[in-house]
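Please read the structure below before turning to the comments.
None of the figures in this text is laboratory data; all of them are computed from the coordinates on show. Owing to the predicted nature of the structure, the values given are computational and were not obtained by experimental measurement. In this analysis, Cβ positions are derived from the backbone assuming ideal geometry, glycine residues included, and neighbour counts consider all displayed protein chains.
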Amino acid sequence: MRGDRIECAYHGLQFDRTGACIANPSGNGQFPRGTRVRSYPLVERHRILWIWPGNPADAEASAIPDLHLIPPEGGNDNLGNYLHVRGNWLLEIDNIMDLTHVSYLHDGSLGNPTMRGGQIKVRETPGGIRADLWMPNTLCGFGPMQGQPCDQWNNVEWMAPSIMVLDFGAVPPGAPPIQDPGGYAFHVFTPESETATHYFFGSSGSYSDEEAWKADFVREAQNRVFLTEDNPMIEAIAERMGDAEFWSMRPAILPSDAAAVRVRRRIAKMCREETD
Ligand SMILES: [Fe+2]
């Protein structure tokens, strides 16, 4: 970006918000044909750029998911993490919406075997679809109480098209399950293609310089776990699926997949409605 212009990194051509080329450093003021680019409606909100790639007339800023839990700029926070994933974005939704995978895939990092057996409750919310996993009398999987007896929870809410917010926490057994404001995690997926996805993630909590280690602690864990535990699994699934359509493979659906299946169906419905 150059102010409110976008500058091409190749030859320095600059474009304004309409897509018109308004600066050409090597062209003696000339603009060759074809230097206009397509522009897209864009809104900056919650420290994220929301681009509408469809018909500009259909852009609706009120459809942007509510991510007010993302802290404002200025503090020490854990935001802006990124992974490039060789897999379809819906596989990422399957992963995040199935909270039970934490006790297996993340055994020893975010989870442990005591967290198995919890019942997931799935429900519709005004903004999307929510899954709640309450795990009483277990050993804490992650955070300051890791390894200690606790009641813990791991809940997730999906908002269209591909944004998920987790709220997680742990308290001593029997204590009120009060949510820590820093205990929200954000997962934002932008499809690059049918077979590749941009994965942006982070967490709530904005800390002073003295407590910046808290943000760093979660950042290190998220990056390590997502890169070395989730990502190889997602990419292995994607590789095995190849070009096959998901439902045509008659996937085994576990009870813990209820939320992910609801989301897949909702997205399919939204796609149908948009193309009708
Ligand atoms: Fe995971």
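Net charge within 9 Å of residue 123 by Cβ-Cβ distance, Lys/Arg positive one each and Asp/Glu negative one each, not counting residue 123 itself? Computed value for this residue: 0. The percentage of C-alpha pairs in the stretch 133-276 whose separation is greater than 28 Å is 31%.
Rounded to the nearest whole Å³, what is the per residue volume of the convex hull around the Cα atoms of the stretch 1-128? Spelled out: Cα convex hull of the stretch 1-128, divided by residues, is 202 Å³.
Between residue 224 and residue 82, what length in nm is gained on full extension when 0.36 nm per residue of separation is reduced by their alpha carbon distance?
Between residue 224 and residue 82, full extension yields an extra 50.0 nm.
Please report, to two decimal places, log10 I(q)/I(0) for the chain at q = 0.08, 0.11, 0.13, 0.14 Å⁻¹ as given by the Debye formula with identical point scatterers on the Cα atoms and no solvent. Here the Debye-derived log intensity ratios amount to -0.41, -0.73, -0.97, -1.10. Per-residue 3J(HN,Hα) values for the stretch 100-113, derived from phi via the Karplus relation 6.51 cos²θ - 1.76 cosθ + 1.60 with θ = phi - 60°, read 6, 5, 4, 6, 9, 4, 9, 4, x, 10, 10, x, 7, x Hz in sequence order (x marks Gly and Pro). Mind listing the long-range amide H neighbours of residue 140? Cut-off is under 5 Å, sequence gap 5 or more, other chains count too, H placed in the peptide plane at 1.01 Å from N. Residues meeting the criterion, in which the H sits 1.01 Å from N, are 147, 148, 150.
Can you tell me what the convex hull of the Cα atoms of the stretch 51-199 projects to on average, as an area in nm²?
Result: 10.5 nm².
If you take the Cα centroid of the stretch 1-46 and the Cα centroid of the stretch 239-258, the two points sit 42 Å apart.
Roughly how big is the chain's charge dipole about its Cα centre, with Cβ charges of +1 (Lys, Arg) and -1 (Asp, Glu), in debye to the nearest 20?
Roughly 620 debye for the chain.
Here, the stretch 158-219 is characterised by an Rg to Rh ratio of 1.10, where Rg is the alpha-carbon radius of gyration and Rh the Kirkwood radius. Loop-located GluC sites (Glu not before Pro) in the stretch 47-103 (DSSP state not H, G, I, E or B) with no more than 11 neighbouring Cβ atoms inside 10 Å: 60, 73. For the stretch 27-86, the convex hull spanned by the alpha carbon atoms encloses 221 Å³ per residue.
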